Every structure is written in structure tokens, then in C-alpha cells.
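Below is one structure, written out as C-alpha cells; the observations come after it.
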Amino acid sequence: MAKKFSIHHFCVVVMAMAALCGYSLRTSAQTLTAANIDEVVKAMTLEEKCHMVLGRGMHFNDDAKFPGTAGSTFSVARLGIPETYCADSQQGLRMNATRAWDHNDYYPTDFVASMTLASTWDREAAFKVGQGIGNEVREFGLDWILSPAMNLIRNPLCGRNHEYYSEDPYLSGTIGAGYVLGVQSEGTAACPKHFVANNQETNRNNNISQVSQRALREIYLKAFEIMVKESDPWTIMTSYNKLNGPYAVQNYELLTTIVRDEWGWKGMYVSDWNAGDDAVAAMLAGNDMLQPGQDKQYEAILAAAKDGKLPMEVLDANVKRILEYVIKTHNFKGYKYSNEPNLKAHAKVVREVGADGIVLLKNSGILPLAGKKVALFGCTSYDWISGGSGFGGTSVGHYTVSLIEGLRSAGYEVYKPLIGIYTQHLAAEEKRLFPNGRPPFSLMPPARADEKQFTAEELSAAIEGSDVAIISLGRKSGEAADRSEADFYLKDGEKELIKAVSEAYHAKGKKVVVLLDICSPIDVASWQDQIDALVCTWQGGQESGFSVADVLSGKVNPSGKLPMTFQINYGDAYADKNFPANVDDKTLGAMFMWGYNKDQAPKDRQPQKDIDFTNYEEDIYVGYRYFDSFGKPVAYPFGFGLSYTTFEYDDLEVEEEDGVYTIKVDVKNTGKRAGRNVVELFVAAPNSKKLNKPEKELRNYAKTKLLQPGEEETVTMTVKTSDLASFNEKASAWKTDAGVYTFMICSSANDVEAKATAKVKAWTQKVHNVMKPNVKLNVLKR
């Protein structure tokens with residue numbers, strides 16, 4: 001990640017200056033158009049081609065055109081090839097909000113975090129968020145957003161779970177596809193990442209993910225495959241990790257055999273920043289561009305091209321795919337950006353999607369809130385978390401609507417003495433935790449304040465001044481490190497606060513609501529019996545306070561559903577056996593440094609389990625596929641979420657025509673409030689246990705319109721025979737076994753509302769026998 005001025009970057013500047021001064025480094029009449037890409041590639045010098053496959057450095061300096069952005073691509077002015085610009089992140093355009101010698105500000109929108117978006121179970125919501133981000137990239141002058149992150153939530157402690165959607169590949173793939181379609185509807189390039197099986201942050205630059213062919217095909221690749229086939233992203237980012245041996249960025253079987261040959265994708269690959277260890281191998285694998293570009297990469301590619309180790313047809317193909325991306329960009333088309341996207345319209349999207357992604361987990365009749373006086377407890381109530389840390393976290397937004405502002409806007413009176421108490425407490429904690437000031441940017445989440453404890457007199461006064469207590473608990477994640485097992489559970493101070501407030505309020509006949517402003521599942525089973533309502537707000541971006549208040553007040557009826565399982569204890573999931581949950585800080589720091597400076601690692605160091613290699617022994621049994629198939633209890637199942645109204649399902653029909661199954665079901669609002677409902681379609685294969693298949697799997701879903709009390713809607717979904725296939729490693733083929741399948745309409749993975757059966761014919765599709773793990777895995781079977 002060093003930001004030195006390299007030979008590669010020096011050559012880039014010289015070429016650009018020569019072109020600007022009217023000097024041509026090579027005479028050519030070619031100017032890039034969509035029709036003459038091949039001719040332009042032929043007209044490029046070898047040196048230009050070697051620069052073209054490398055980035056131009058990270059644009060963090062104040063003198064960059066777009067300060068604080070991730071980087072750009074090489075330009076060749078004489079051939080009409082412009083520089084194009086990229087930026088993070090998942091939650092919106094990440095760049096500096098202010099610039100040297102410029103009185104203007106450049107604040108983008110801080111959109112919702114990924115798990116919030118996935119909890120909507122709404123493809124249209126994903127499109128709207130992507131469209132807003134794509135628009136801001138365009139109007140602020142850039143071309144390319146490095147998102148969405150598509151890795152599965154294999155473990156609740158993964159450091160970048162705030163960037164990921166779900167534990168299920170179908171939900172992840174379809175929400176990701178909606179996001180990509182939205183981004184690219186604005187003419188902005190999307191860049192799904194991190195491809196693939198990059199499911200932990202610990203030693204991310206060197207860790208080998210060892211995954212069976214079946215699990216890779218059915219679980220980890222499947223999310224990307226769905227997204228690719230539904231949205232056709234212009235670019236894909238390869239990941240840091242190794243996969244079954246080689247680095248993902250240098251894996252020909254992965255990048256070319258599977259994605260290009262089998263899936264038919266024709267876009268441009270770009271590496272994660274400084275990923276891999278062999279630039280020539282990356283080119284040969286089909287990874288077209290290496291970012292942010294290094295001296296040694298340029299020299300290696302140039303030398304390999306000269307001596308034939310890198311065939312010219314391979315380098316030309318890499319360059320061609322880059323130019324096919326370039327001709328689609330705003331800068332190539334000469335778009336006159338305004339620096340004035342419609343921020344108010346985007347804020348409205350954030351508020352609406354943020355509310356739709358909130359999941360009501362428990363409600364003992366307290367919600368929506370009738371009383372108008374609320375007492376806010378918990379540091380997070382006064383220090384709200386809008387998103388994660390790192391490059392994929394919350395964008396540099398100019399505000400976050402606080403919980404206090406949100407509640408007041410909804411007509412609630414917030415108990416003032418607690419505001420003063422927490423203001424003082426948080427100020428003292430800030431000095432304790434950051435004696436030299438808080439860092440302006442951090443890959444990993446900064447430390448959070450310890451909870452304030454209250455005397456009996458303070459609690460008594462709060463009870464007198466309020467109708468209900470609201471306690472907020474917060475968790476924030478970031479990149480380059482995973483969270484520890486201890487972070488899954490409540491801290492002692494959090495437990496003490498919940499116990500004291502609940503007992504005091506209940507003694508006076510008043511109720512307690514807990515808000516989970518969290519980045520990933522945590523323990524709720526051990527303490528939720530003490531409270532009256534539990535709301536998983538997730539992290540909803542800059543409008544969070546409004547979104548939460550909209551749901552608490554009943555202005556919005558909650559319709560969110562969990563995109564992952566809430567397990568009872570850490571260790572309950574089989575995948576927890578193979579995850580770095582308890583790595584000490586010293587080891588984490590060393591791994592991070594060795595990741596970017598591999599020569600510093602001790603030569604005699606022995607590989608460590610879950611640090612240097614991680615064996616995915618749970619195989620296909622990730623998330624609900626494990627809990628459901630092996631009868632393990634959970635705190636809250638995948639797909640769970642309550643409403644302020646009730647729904648009924650009737651007249652389920654399954655019809656087949658030419659291998660496509662059409663499923664119809666009537667959904668009726670039987671309650672007293674208008675609301676939307678998510679209809680989850682799971683399918684169970686015959687003899688699933690005998691054939692070592694999950695008990696059932698999500699195959700489609702739909703979200704109703706806003707149904708008024710008594711109103712009914714017929715929901716229609718489709719499933720293809722091929723969608724029901726499992727991967728057979730011995731035959732190297734996708735196979736759907738013939739038999740009678742059960743189609744289930746569910747309100748969660750544990751709650752079947754209606755079911756019907758249908759005969760399914762056998763189906764087989766052979767694929768390449770590639771991506772075998774290089775160790776023998778002792779994988780879980782039913």
C-alpha cells in the first residue's frame with residue numbers, strides 16, 4: 001500500500017505530458033471508438049500495453065483530481081484513450097469531502113449498509129440504492145464504483161460482514177444483481193467483489209481457502225454466477241486470498257475456465273489493491289488489470305512479453321477487455337459532470353430502504369410505541385453507527401441523523417437529563433480511548449465506549465420522566481481483521497445495563513425496547529427474555545435516525561427479514577470450527593504487515609490452521625443449510641421477521657411447462673395495519689438426507705406491495721429444473737435428480753406456511769473438472 005512515486009507512474013506522467021505538448025511517441029491515425037478497438041490495440045506500443053494493464057496509483061493526495069479515491073486507469077492521449085477514475089465503497093462514493101484551495105464541498109450520500117439492504121428482500125430496493133450510487137459517481141466526475149461486495153456471510157465474526165449480503169447464495173446473488181443493474185443504469189461501471197471465497201480478513205493476503213468443488217460451485221461461486229447472469233457487470237474484482245492453491249487473482253481455472261468459458265462473461269477483471277504475488281501469472285490467468293500498479297509489476301510484464309513468457313495474444317486480450325470497459329465510461333464519452341447530484345432524492349431512498357431493512361425480532365405488544373416520552377439508554381443511542389469501517393464501509397457523508405433527532409421528528413419527547421449524562425460520559429470515554437485524538441480513517445473499527453451504569457436514584461428519575469426505555473447496543477466491523485469470539489457476546493457493562501434498566505422499569509409496570517445497531521449477528525438468546533421488544537435496525541446510513549423512528553412509531557410497518565441466521569452461541573455453526581475467532585492482536589498485526597511485505601515473514605514459520613489455511617469442512621452446510629438439516633436450534637432463523645400486522649397464505653399452485661415451474665400463492669393481510677410481506681420459496685429435494693442434500697433451500701422470493709387490511713395479492717414466482725441441481729463431483733456435472741419435490745411457502749427457514757409437490761424430471765449439465773482442493777478435506781455429510 002506504499003504511496004511512493006514509482007518508475008511506472010513516472011512513465012505514465014511523461015507519456016501524458018508528451019501528448020499534451022503535441023508530441024506523439026508513435027505516429028498513428030487511430031483514435032479509440034467502439035468499432036476499432038482491435039486496431040487501437042495493434043497501434044499501441046508494447047510499453048503502452050504494459051502500462052495499460054496497471055493502475056496509476058491511489059489518489060489519496062490533496063493534489064489528485066479526485067482526492068481520497070481509489071485510483072484510475074492509464075491514458076494514451078494520441079489514441080484517444082482517456083484516464084478513467086474509480087472509487088470505493090459499498091455504501092456510496094468514498095472521496096474527500098473537501099479539497100485544497102476549493103471553497104466547495106463534495107459530500108456524497110451515505111447509503112445503507114449491505115446487510116440492511118439484503119434484509120429488505122427487495123430487488124427494487126437494491127436497484128434504487130445502486131442507481132443512486134451510480135448517479136453520484138457520474139455527477140462527481142468518476143466512472144467506476146468498486147462494489148458490490150458479494151462474499152457470503154460464512155461466519156458472524158468476519159470483519160467485512162457489514163459489506164456482505166447474506167449466508168445464502170440466491171439472496172446474495174439477486175440483491176447483488178439488483179444493485180449492479182442500478183449502478184450501470186446510470187452509465188457507471190459496477191465492480192462486484194471479492195472473487196471468491198474471501199470469507200475472512202485474518203491474513204487475507206496469504207490465507208488459502210480450501211473448499212470442495214461442490215461447495216465452491218453450489219455456495220460460493222453460485223452467488224456470483226447468479227449476479228453475473230442477471231446483471232452482466234462491466235468489471236469484477238478478484239480477491240486477496242488463495243483458493244485451493246493459487247491466488248484467486250492468478251487462477252486460470254477460476255477466472256477463465258469457469259467464468260468466461262462456462263458462464264459466458266466478457267467483462268474486465270481487476271485485482272484487489274496489491275493482491276497476488278506474480279503479475280505475469282495474473283495476466284495469463286485472465287486478470288486484466290492490476291491495481292494500484294507497481295514498478296516491479298510493470299518490469300515483470302514487459303520482460304515476459306519481450307521474451308515470450310507472456311504471449312502477445314494474451315496481453316492484447318487483457319488490453320482489449322480494458323478498452324471495452326473504457327468506451328462505456330463517462331470520461332470517454334466526455335460527460336460534463338455537475339458536482340451536484342440530487343442528494344435530497346437520494347436521502348429519501350436511504351430513509352425508505354433503511355426502514356424497510358429493519359427486522360422486528362420480538363414484540364410483546366409495546367410496538368409501535370404509544371407513549372410519547374422515551375428514555376434512551378446505551379452509548380449507541382447517542383453515538384449511532386451508520387455503517388462499517390474500512391474502504392467498504394460508510395462513505396464520507398456530511399451527517400448522520402441521530403436517534404434523538406429521529407424520535408423527536410416523530411413526535412417523541414426524549415428524556416433530557418440522560419442526554420446530559422451521556423454527553424459527559426462519552427466525552428470522558430473519548431479522552432480515555434483516544435488521548436491523541438481519533439484517527440481520521442481506520443481500516444479496523446475504533447474502540448467503543450464502555451457502558452455507563454446508573455444509580456437507583458438516576459433510574460427512578462428516568463422512569464418518572466418517561467413512558468418507555470429504549471436501550472441501544474452497537475457493533476461495528478471493518479477490514480483487515482476479524483472480530484473476536486468475545487465480541488459475539490454482550491460485554492459485562494451491557495449485560496448489567498439491560499438487567500438494571502429492565503428490572504427497574506418492569507417494577508413500575510413500564511416496558512423496555514432494545515435496538516441492535518449491529519454489523520452482524522450477536523448473542524440475543526441469553527438476555528432477550530428480560531426485555532419486551534427487540535428490533536434489529538442494522539446500519540442504515542445517513543438517515544438512520546429517521547428510519548428507526550419511522551418503524552418505532554408505526555409510520556412504517558416493519559417488513560425486513562433476516563438474511564442470515566442468529567445462532568444461540570458462537571460455536572453452534574459447523575463453520576465456526578474453522579475460523580480465526582481468537583487470534584491475538586500481535587499475530588493479527590504481523591499477518592497484516594506480512595500480507596503487504598511478504599519478504600518480512602519468517603522463512604521457517606509453520607502454517608497455522610485458520611490463519612494460513614482455512615478448511616471449509618462444513619462444505620455446503622453454511623448458515624440455515626446446517627441448522628435446518630441437522631436439527632440444531634437457533635435464536636432466530638434465516639428469513640425471520642415480524643410485522644405489526646398478520647398475513648395468510650392460500651391457494652398455492654405449482655405448474656410446470658418446458659422445465660419451468662410457476663408457483664402462485666395468494667397473500668392476504670389479515671391484520672389491522674397496512675403492511676408488506678416477503679414470500680419465501682424454499683424447495684426440498686426427495687431423499688435429501690440419503691443424497692446428502694440440505695433439508696430445503698431458498699429458490700426464489702417476492703415482496704408484496706403495501707397491502708391494506710383485508711387486501712389480497714397473488715404472488716407469482718418461477719423456478720427452473722436446472723435451479724434445483726446439485727453439483728456431482730465424480731461426474732463433474734450439475735444434476736437434478738428425478739422425483740417428487742416439495743415447494744414450500746415460508747415466513748422463515750423454520751416456518752412453513754403452505755406447501756405443494758410436483759414431479760421433476762432428471763437434468764444434467766457437464767462442466768469442466770477444475771478447482772479441486774489441494775488437500776483432502778474431511779467435509780460434513782448428513
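The values are calculated or read from the model by the stated rules, or taken from the named source; none is laboratory data. In this text the structure is predicted, and so the values were computed from the model without any measurement. Reconstructed Cβ throughout: ideal geometry from the backbone, glycine too, with neighbour counts over all protein chains shown. Note: accessible area is taken over every heavy atom of the protein model, side chains too, but ligands, DNA and RNA are not part of it. Shrake-Rupley method; radii C 1.70, N 1.55, O 1.52, S 1.80 Å.
Yes/no matrix, rows are residues, columns are (1) farther than 22 Å from MET227 by Cα; (2) at pLDDT 95 or above; (3) β-branched (Val, Ile, Thr):
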{"position": "ASN700", "(1), (2), (3)": "no, yes, no"}
{"position": "THR704", "(1), (2), (3)": "yes, yes, yes"}
{"position": "GLN708", "(1), (2), (3)": "yes, yes, no"}
{"position": "THR721", "(1), (2), (3)": "no, yes, yes"}
{"position": "ALA731", "(1), (2), (3)": "yes, yes, no"}
{"position": "TRP734", "(1), (2), (3)": "no, yes, no"}
{"position": "TYR741", "(1), (2), (3)": "yes, yes, no"}
{"position": "SER748", "(1), (2), (3)": "yes, yes, no"}
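Residues in the range 490-499 that are closer than 29 Å to THR587 by Cβ, open to solvent by less than 60 Å² (accessible area, probe 1.4 Å) and not acidic (Asp, Glu): LEU490, GLY493. Could you check, for the range 149-157, whether at least one of its residues is in contact with a helix residue (DSSP H, G or I) (Cβ under 9 Å, 6 or more places away or on another chain) and in a helix (DSSP H, G or I)? No, the range 149-157 contains no residue that is in contact with a helix residue (DSSP H, G or I) (Cβ under 9 Å, 6 or more places away or on another chain) and in a helix (DSSP H, G or I).
Sort out which residues of the range 438-487 are basic (Lys, Arg) and either under 19 Å from ILE404 (Cβ atoms) or open to solvent by 60 Å² or more (accessible area, probe 1.4 Å) (or both), and write them in order of number. It would help to see each step written out before you state the result.
Of the residues in the range 438-487, the ones basic (Lys, Arg) are 438, 448, 452, 475-476, 483.
Matches in the range 438-487: ARG438, ARG448, LYS452.
All conditions in (1) open to solvent by less than 50 Å² (accessible area, probe 1.4 Å); (2) under 18 Å from GLN294 (Cα atoms) hold for ASN61, with the sole exception of (1). Assessment of the range 444-451 against the conditions (farther than 23 Å from GLY545 by Cα and out of contact with any Cys (no Cβ under 6 Å at 6 or more places or on another chain)) yields at least one matching residue.
Of all residues in the range 71-87, those satisfying the criterion of being farther than 30 Å from LYS309 by Cβ and either open to solvent by less than 10 Å² (accessible area, probe 1.4 Å) or in contact with a strand residue (DSSP E or B) (Cβ under 7 Å, 6 or more places away or on another chain) (or both) are TYR85, ALA87. Exactly one residue out of ARG351, ARG321 is of a type in the set (Lys, Arg) and touching a helix residue (DSSP H, G or I) at 6+ places or on another chain (Cβ under 6 Å), and it is ARG351.
Checked against (1) on the phi < 0 side of the Ramachandran plot; (2) open to solvent by 10 Å² or more (accessible area, probe 1.4 Å); (3) at pLDDT 95 or above, SER688 passes all but condition (3). Scan the range 611-622 and give yes if some residue there is open to solvent by 60 Å² or more (accessible area, probe 1.4 Å), at negative phi and in a loop (DSSP other than H, G, I, E, B), otherwise no. No, the conditions are met nowhere in the range 611-622. For LEU562, the stated conditions do not hold, so it cannot be described as touching a residue at least 60 places away in the same chain (Cβ under 8 Å), outside any loop (DSSP other than H, G, I, E, B) and either crowded, with 21+ Cβ neighbours inside 10 Å or of a type in the set (Asp, Glu) (or both). Output the residues belonging to the range 280-304 that are small (Gly, Ala, Ser), open to solvent by less than 10 Å² (accessible area, probe 1.4 Å) and assigned to a helix (DSSP H, G or I). Of everything in the range 280-304, those that are small (Gly, Ala, Ser), open to solvent by less than 10 Å² (accessible area, probe 1.4 Å) and assigned to a helix (DSSP H, G or I) turn out to be ALA282, ALA285, ALA304. Counting only strands (runs of 3 or more DSSP E) wholly contained in the range 685-782, the ones carrying 2 or more residues that are more than 30 Å from SER559 (Cα to Cα) and out of contact with any Asp or Glu (no Cβ under 7 Å at 6 or more places or on another chain) occupy 733-736, 739-748, 751-760, 763-766. Just one of THR718, THR670 is open to solvent by 40 Å² or more (accessible area, probe 1.4 Å) and more than 15 Å from TYR170 (Cβ to Cβ); which is it? Checking each option against the conditions leaves just THR670. Inclusion of LYS511 among residues that are charged (D, E, K, R), open to solvent by 10 Å² or more (accessible area, probe 1.4 Å) and within 28 Å of SER559 (Cα to Cα) is warranted. Just so you know, in the range 427-437 the residues that are touching a residue at least 12 places away in the same chain (Cβ under 8 Å) and either of a type in the set (D, E, K, R) or closer than 19 Å to VAL548 by Cβ (or both) include one that is least open to solvent (accessible area, probe 1.4 Å), and it is GLU429. Does VAL654 satisfy the criteria of being open to solvent by less than 20 Å² (accessible area, probe 1.4 Å), in contact with a strand residue (DSSP E or B) (Cβ under 6 Å, 6 or more places away or on another chain) and either at pLDDT 95 or above or not in a strand (DSSP E or B) (or both)? For VAL654, the condition - open to solvent by less than 20 Å² (accessible area, probe 1.4 Å), in contact with a strand residue (DSSP E or B) (Cβ under 6 Å, 6 or more places away or on another chain) and either at pLDDT 95 or above or not in a strand (DSSP E or B) (or both) - is not met.
If you check LYS229 against the conditions, is it open to solvent by 10 Å² or more (accessible area, probe 1.4 Å), within 24 Å of ASN774 (Cβ to Cβ) and at pLDDT 95 or above? No, not satisfied.
The set of residues in the range 235-261 that are more than 22 Å from GLN210 (Cα to Cα) and open to solvent by 10 Å² or more (accessible area, probe 1.4 Å) comprises ARG260, ASP261. Among the residues of the range 88-106, those identified as surrounded by fewer than 23 Cβ atoms within 10 Å (Cβ to Cβ) and either small (Gly, Ala, Ser) or closer than 12 Å to GLY55 by Cβ (or both) are ALA97, ALA100.
So, ARG214, is that one of a type outside the set (A, V, I, L, M), part of a loop (DSSP other than H, G, I, E, B) and in contact (Cβ under 8 Å) with a residue 24 or more places away in the chain or not? Break it down stepwise before answering.
Values: of a type outside the set (A, V, I, L, M): yes; part of a loop (DSSP other than H, G, I, E, B): no; in contact (Cβ under 8 Å) with a residue 24 or more places away in the chain: yes.
The answer is no for ARG214.
Looking at VAL180, is it within 25 Å of GLU485 (Cα to Cα) and without any contact (Cβ under 8 Å) to a residue 60 or more places away in the chain? So VAL180 does not fit the description; no. Close contacts from the range 479-507, counting a first residue that is aromatic (Phe, Trp, Tyr) and a second that is part of a helix (DSSP H, G or I) and open to solvent by less than 80 Å² (accessible area, probe 1.4 Å), with Cβ to Cβ under 8 Å and a gap of 6+ residues or different chains, come to TYR505/ILE463.
Filter the range 691-705 down to residues that are without any contact (Cβ under 8 Å) to a residue 60 or more places away in the chain and open to solvent by 50 Å² or more (accessible area, probe 1.4 Å) and give me whichever is farthest from the chain's Cα centre (by Cα). Selected residue: LEU691. Taking the range 602-642 as the range and being among the polar types (S, T, N, Q), at pLDDT 95 or above and over 25 Å from ALA525 (Cβ atoms) as the test, the residues that pass are THR614, ASN615.
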